[in-house]
Amino acid sequence: MSEVVIETVELAPQPAMVVRRKVAVEELGGVLADILPRVYQHIVQAGQQPAGMPFMRYFSMDGVSCDIAAGLPVAEPIDGAGDIENHRLPGGEALTALHVGAYEDVGSVWGQVMRRAGELGSEHNFGGWDVYTNDPDEVAEEERETRVFLPL
């Protein structure tokens, strides 16, 4: 496991549109493939464009299943529809690190970020999120970038 650069950043709160689900860990890829295009279409139909890259926020994970919210940031909140709902990524101080490579390997970066949070006295283990900073259809697996954020 290679060490990553972990930085402390100050984030502004960010409105977003998401679908929240409890899902088996091995189904995450398929769930994202379902959720993200629908959220994107909802945003466009409301007259906006996404205000950033897709993300997945974690509320709990036990190694078998997890409670997530997946979606896209927006400039201004819009009404939800069906299972698409308003969400707000929190502002404030957070740790961040960049993972480059297969999405399945991002757990090692999360482990390092959580250890650093513990060293800083933070008890936040969940509520963090991944931002997918490039398109997996346009880059090779080893070039995929995932930026992780963990509020402190």
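Just so you know, all these numbers are worked out from the coordinates, no wet-lab data involved. No experiment lies behind these values; they were computed from the predicted model shown. In this analysis, Cβ positions are derived from the backbone assuming ideal geometry, glycine residues included, and neighbour counts consider all displayed protein chains.
Taking the Cβ-Cβ separation of ASP62 and SER122 as r and a Förster radius of 25 Å, what is the calculated FRET efficiency to the nearest 0.05?
0.75
Where the centroid of each part is defined by its Cα atoms, how far is region 94-152 from region 1-35 in Å?
Using only Cα atoms, the two centres lie 8 Å from each other.
Cα convex hull of the chain: how many Å³ per residue?
Measuring per residue, one finds 108 Å³ for the Cα hull of the chain.
Quick check: net charge around VAL9, other residues with Cβ under 14 Å of its Cβ, Lys/Arg +1 and Asp/Glu -1?
-1
Kindly state, to the nearest 0.05, the FRET efficiency for GLU26 paired with ARG88, given R0 = 35 Å and r defined as their beta-carbon distance.
0.75
Taking R0 as 22 Å, what FRET efficiency do you get between GLU7 and ASN134 from their Cβ-Cβ distance, rounded to the nearest 0.05?
Approximately 0.70, to the nearest 0.05.
Can you pull out the GluC sites (Glu not before Pro) in region 1-30 that DSSP calls coil and that have at most 15 other Cβ atoms within 10 Å?
Those that pass, being in a loop and sparsely packed, are GLU3.
What number comes out for the charge environment of ILE84, summing +1 per Lys or Arg and -1 per Asp or Glu over other residues with Cβ under 11 Å away?
Counting the neighbours of ILE84, the net charge comes to -1.
Just in region 46-152: which GluC sites (Glu not before Pro) are loop by DSSP and have at most 15 other Cβ atoms within 10 Å?
GLU123, GLU138
For the chain, modelled as a GNM with alpha-carbon contacts under 10 angstrom, which of VAL100, VAL19, VAL44 fluctuates the most?
VAL44
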